[in-house]
Structures are given as C-alpha cells and as structure tokens.
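Trainee: Below is a structure I'd like to ask you about.
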C-alpha cells in the first residue's frame, strides 16, 4: 500500500476527499472538540460513518443507525410518492 504525507497526516492511496457543507459555527465546534480530544475532524467523521454501518457489508449499511431503526417501518416500502406526501402531511400538519 502506497501512501502520501500531507502535513502530519498520512493518507493511503485508496482514500479520497469528501467535501461537505456545514455552518461555520458547526465546523468551529467540531474543530474545538477534536482539539480537546486530541484527534482531527476527519477522524471524527470517519469514526461516525463507521459506526453508522460498514458500507457494502451484509445488510443495508444504514440500518444500524439509531435514527434509521426508529424510522424503519413507518411507511410501506412500496408506498407511492403521493402516499409519502400524505404521511408527512398527517405527521407534521
């Protein structure tokens, strides 16, 4: 496995960059948290995504996510777009 050093972080060649849009305030809090816990924002994101589920492993990667489990079954898998809209109207008014 070949690797490239960027600053003090070692990246393997099978990794890629991810661009996300978040508020400046959220980013500042994430950086502060990372600093206080001797880690990086990248490591925080990777750790979170790994907890959500291993992409491509076994069953649906997101089914282990707490929020996803809570929502599972709230609407039939074969529900139409109109049924989904009706469901949201009833739920949220």
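Trainee: Taking residue 89, is it modelled with pLDDT under 80, exposed (fewer than 11 other Cβ atoms within 10 Å of the Cβ) and part of a helix (DSSP H, G or I)?
Mentor: No; evaluated as a whole, the condition is false for this residue.
Trainee: Of the residues that make up region 28-38, is at least one touching a strand residue (DSSP E or B) at 6+ places or on another chain (Cβ under 9 Å), assigned to a loop (DSSP other than H, G, I, E, B), surrounded by 10 or more Cβ atoms within 10 Å (Cβ to Cβ) and modelled with pLDDT of 85 or more?
Mentor: no
The values are calculated or read from the model by the stated rules, or taken from the named source; none is laboratory data. In this text, all values refer to a predicted model and were calculated from it rather than measured experimentally. All Cβ positions, even for glycine, are placed from backbone atoms using ideal geometry, and neighbour counts span all protein chains on display.
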